[in-house]
Amino acid sequence: MFARLGKHCALVSFLLLLAAGPMSYLLFDPVKTRASVPAPDFSWEDLRRGEYASDGEEYLRESSSLVRVLRSVYSLPLLRAGLLESPLVRFGSEPWLFYRPGTRVADPAALIRLRSRRLNMFSALKLELEKRGIELVVLLVPDKSRVYADLCYGREGMPRLKAGLYNLILSELRQAGVRVVDPLADFREARRREPAKQLYYPGDTHWTPAGMRVAAADLVQELESGGIPLGGEPGESILADKQLLQRSPDLVDMLGLDPSWLAEYRQAQEGLRMLGVSAGPNSRVGIALAGGSFSERGFAAAIAEACGEPVDDRGVLPGQGPMAGLRETLYLLRQERLRPRLLVWEFVERSYLESKFWLRGPAELGLR
Amino acid sequence: MNFTSEIFVFAFLPIFLLGYWLSPPRLRNPVLALGSYVFYAWWRVDFACLLLLSSSLIYVAGRGIAGEGEARRRAWLLLVLGANLGLLAYFKYVDLLIETIESLSAQALDWEGALLPLGISFYTFQGISYCVDVYRRQVEPARSYLDCICYLAMFPQLVAGPIVRFGSIRAQLIARRVDLESLSGGAMLFMIGFSKKLLLADNLALLADPVFAQSAPGLIDAWIGVLAFALQIYFDFSGYTDMALGLGLLLGFRLPENFNSPYLAASIGEFWRRWHMSLSSWLKDYLYIPLGGNRGSRLMTCRNIAITMLLGGLWHGASWTFLLWGGLHGALLICERLAGGPALYARLPQPVSILITFFLLSVAWVIFRADDLESLVGMYAGMFGCAGLGSLPLLEQRAGFAWAALLVGYVVVFLLPRSAEVIRIPSLVIPLFIVLLFLLSLGQLASTSYSPFLYYRF
């Protein structure tokens with residue numbers, strides 16, 4: 001009898017758990033306004049290809065009160081007990097989180113094997129831009145785990161291969177004849193000078209406006225010392241102002257935690273926006289920025305503020321890897337819809353570790 | 001739609017089950033067909049149309065095959081086999097063909113690649129078995145178009161099996177009973193499968209994936225990766241099957257079991273009688289025996305085994321590594337047969353036979369998991385100590401759950417009864433423990449990102 005009771009209890013529990021999904025939507029207000037994923041726009045083509053359904057699924061998941069409660073009820077006790085683990089997140093000194101795949105060189109052999117393809121790509125890119133009279137400048141964005149190595153690795157220290165990665169990138173770029181901006185020393189100096197000022201967010205992989213400004217100042221200094229004239233057009237001073245970004249910390253999201261449940265990560269995400277741009281619609285913006293999520297947060301504004309001229313950020317495409325923005329920029333150049341004299345490429349250190357971006361060499365950018 | 005997704009568990013399944021159970025018996029097949037197509041079209045509407053087209057052809061051909069006139073019946077059979085195998089060949093193997101031509105000719109062809117429709121290997125084989133069985137007069141054709149649609153598109157087993165024979169389900173399509181016993185058994189089986197996938201397979205992937213991502217892993221890492229993958233693929237696939245069987249029971253269907261503790265096999269031959277049993281028996285009945293089976297000379301038997309295993313390997317995926325994997329299994333089966341079959345292992349204590357078999361299987365799984373021949377060579381070099389001990393990056397990871405999954409996984413595989421037996425054990429504690437595991441799995445599901453089933457590729 002008890003055995004039968006147990007089976008029936010299991011069935012009832014199962015059905016109640018299944019029913020919790022639709023019931024939570026009917027009884028509680030869906031957290032649609034807080035959802036980090038927007039509702040997809042309908043199109044027949046997207047429906048046919050299944051993209052509408054998959055985007056809709058993601059939206060429904062992220063807007064579901066039940067899923068958010070389940071996530072936090074599951075993950076929060078584990079976090080508090082120090083048992084939470086993730087293949088994507090490395091736990092540093094509290095409350096600092098780091099993107100785990102960027103904290104070590106998992107496949108050194110691939111890094112060596114793809115060297116010639118990377119060099120070919122850099123050289124081809126430089127050549128392509130030179131033909132159009134454009135100077136290429138690569139701004140190497142150091143990983144958060146490098147700037148905050150003490151908080152990430154603690155006493156064990158940064159692994160040897162990872163420690164050498166940054167210099168490897170610099171040397172390869174320089175070997176290809178590309179002008180590189182290396183802001184690492186200034187990041188470290190900025191940390192030393194004002195330890196309370198955060199250059200990266202503790203629960204996010206990205207930099208803060210303060211970090212952006214350090215990098216932008218470094219970029220301008222490098223260009224000026226290289227004899228590249230800046231601040232020509234429009235002749236008025238440009239200011240950048242902080243703006244609030246509607247997003248939750250990505251590393252906290254990767255842990256499946258609701259940041260609103262965690263005081264230590266309940267920090268407004270900020271970006272920068274450009275102010276005082278008086279360039280007319282026909283003005284020729286001399287600086288173009290290509291990049292991803294780091295640039296998306298207003299790095300163009302930080303550069304504009306530092307050098308005094310506007311920056312075209314149509315080549316900033318977040319969430320699509322390091323090449324997408326550059327591909328878009330090259331496309332705009334070929335279409336002659338963009339005619340800068342200077343192209344700044346935001347290049348995140350950890351992208352060197354992802355072989356998929358380098359396998360095709362110059363062809364990845366549509367170059368020969 | 002994926003069984004281990006929130007949209008399935010919290011939206012599709014409760015709404016579908018409510019609609020299905022509230023429907024009068026005569027409307028249950030239409031509801032099942034509709035639900036199955038919604039389930040499949042959620043992935044891609046155009047491929048749902050392809051499934052419908054393929055099913056319609058199979059139904060029409062089935063009627064033709066069941067008719068009179070041997071020549072006409074044979075023509076229908078050849079037509080439907082050609083069409084279905086043609087579709088499978090196009091969607092699954094054309095990319096491999098193009099890649100091979102490109103690499104042999106060192107020229108890039110103007111080809112964008114074909115997207116593989118989910119479960120096409122499963123529903124194609126199911127359709128072929130239906131037509132062949134009707135041709136052999138072993139089974140009556142489907143009494144209606146709807147029955148045929150339900151049989152081929154039934155969502156519990158549509159995308160990853162088991163491969164169901166029409167004869168085993170024909171009566172259930174006409175009349176089936178849903179009672180409290182089958183409902184509770186189905187719920188428990190679904191929860192066990194769900195937990196296997198989420199708590200074991202997905203955590204084991206945390207150990208296996210980083211190793212297989214390396215070009216040249218060290219000795220210890222390589223073996224940890226291989227041992228983790230051997231469990232991962234078992235829990236992934238058997239977890240899916242448990243869920244499929246559980247869903248079947250919730251709908252009143254008794255689907256065939258697909259696994260029988262395969263790692264307790266004491267020989268490779270026995271392994272294939274315990275692993276993915278519906279595929280093994282399909283290959284035996286529709287390929288090995290028609291080729292001549294073991295009726296001819298020893299050489300012919302070896303040839304038939306080799307052909308069956310090579311094609312069986314290629315069925316798993318469009319890559320030369322799968323062909324190699326099938327070839328290795330074929331070679332092992334031939335060696336076993338030549339060395340005396342079961343008598344070969346009979347001289348050894350059973351645990352030793354099981355361990356030897358498991359070792360051979362694990363070595364073969366490397367071929368199955370490797371992305372290409374280059375990484376395959378790297379893994380074997382690592383496993384046999386050619387790349388040193390390695391930096392042991394796996395040991396640096398904070399992956400306690402993954403290590404726990406490895407330990408628990410081996411206990412489950414070698415010491416515990418299989419899922420279908422667990423749900424029959426009279427106990428109050430076991431069902432409640434299963435609910436607890438399900439709750440934990442839901443928590444893990446919500447807190448981790450989407451992870452598709454390995455077998456969806458096939």
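The values are calculated or read from the model by the stated rules, or taken from the named source; none is laboratory data. Every value quoted in this text rests on a predicted model; they were computed, and no experiment measured them. Here the Cβ is made from the backbone with ideal geometry for all residues, glycine too, and neighbour counts use every protein chain on show. These area figures cover heavy atoms from the full protein model, side chains too; ligands, DNA and RNA do not enter into them. Shrake-Rupley method; radii C 1.70, N 1.55, O 1.52, S 1.80 Å.
Take the accessible area of A alone and of B alone, subtract that of the pair with a 1.4 Å probe, and the total buried over both chains is about 4200 Å².
Out of the total accessible area of chain A (probe 1.4 Å, heavy atoms of protein only), what percent is carbon and sulfur? Looking at chain A in its full context, I get 53 percent from C and S. Extending 7 Å from the Cα toward the beta-carbon at both B:L104 and B:L389 defines two label points whose distance is 4.7 nm. Carbon-plus-sulfur accessible fraction, chain B (probe radius 1.4 Å, protein heavy atoms only): 69%. Are there any chymotrypsin sites (Phe, Trp or Tyr not before Pro) in the stretch A:29-133 that are in a DSSP loop and have at most 12 other Cβ atoms within 10 Å? List them by number. Filter output for the stretch A:29-133: A:F42. Within straight-line reach of B:K197, meaning a Cα separation under 12 Å, sit the following aspartates and glutamates at least 8 residues removed in sequence or on another chain: B:D236, B:D242.
Please list, by residue number, everything in the stretch A:92-109 whose backbone N is under 19 Å from a paramagnetic label point 7 Å out along Cα→Cβ of A:D150. It comes to A:92-98, nothing else. A cut-off of 5 Å between modelled amide H atoms, ignoring neighbours fewer than 5 places along the same chain, links B:F259 with B:M277. Size of the protein assembly as shown from its Cα atoms: along the principal axes, largest to smallest, the extents are 89, 63, 55 Å.
Connecting C-alpha atoms closer than 10 Å in a GNM of chain A, tell me which of A:A210, A:A300, A:A185 has the biggest fluctuation. Among A:A210, A:A300, A:A185, the largest GNM mean-square fluctuation belongs to A:A185.
The sum of -39500 (n - 2.57) across all DSSP H runs of n ≥ 4, divided by the residue count of the protein assembly as shown, sets its helix-only mean residue ellipticity at 222 nm to -18000 deg cm²/dmol.
Here the extension length gained between A:S225 and A:Q175 equals 16.0 nm, from 0.36 nm per residue of separation less the Cα-Cα distance.
Mind checking which lysines have their C-alpha under 23 Å from B:K92, skipping anything on the same chain fewer than 8 residues away? The qualifying lysines are B:K284. Looking at the square roots a ≥ b ≥ c of the eigenvalues of the Cα gyration tensor of the stretch B:6-176, which shape do they give, rounded for a/c under 1.5, prolate if a/b is larger than b/c, or oblate? Oblate shape, in that a/c is at least 1.5 and b/c is the bigger or equal ratio.
Annotation: per residue accessible area for the stretch B:6-176 equals 43 Å², rounded to a whole number [probe 1.4 Å, protein chains only]. Rolling a 1.4 Å probe over the protein heavy atoms gives the stretch A:78-206 an accessible area of 45 Å² per residue. With both labels modelled 7 Å from their Cα along Cα-to-Cβ, the B:A331 to B:K284 distance reads 2.5 nm. Sequentially through the stretch B:6-18, phi angles give Karplus couplings (6.51, -1.76, 1.60; θ = phi - 60°) of 4, 5, 6, 6, 9, 10, 4, 5, x, 5, 5, 4, 4 Hz, Gly and Pro residues having no value and appearing as x.
Along chain B, the exposed loop sites are trypsin sites (Lys or Arg not before Pro) outside DSSP states H, G, I, E and B with at most 16 other Cβ atoms within 10 Å, and the longest stretch free of them is B:1-135. Ordered by solvent-accessible area of protein heavy atoms (1.4 Å probe), largest first, the residues A:K356, A:K131, A:K144 come out as A:K131, A:K356, A:K144.
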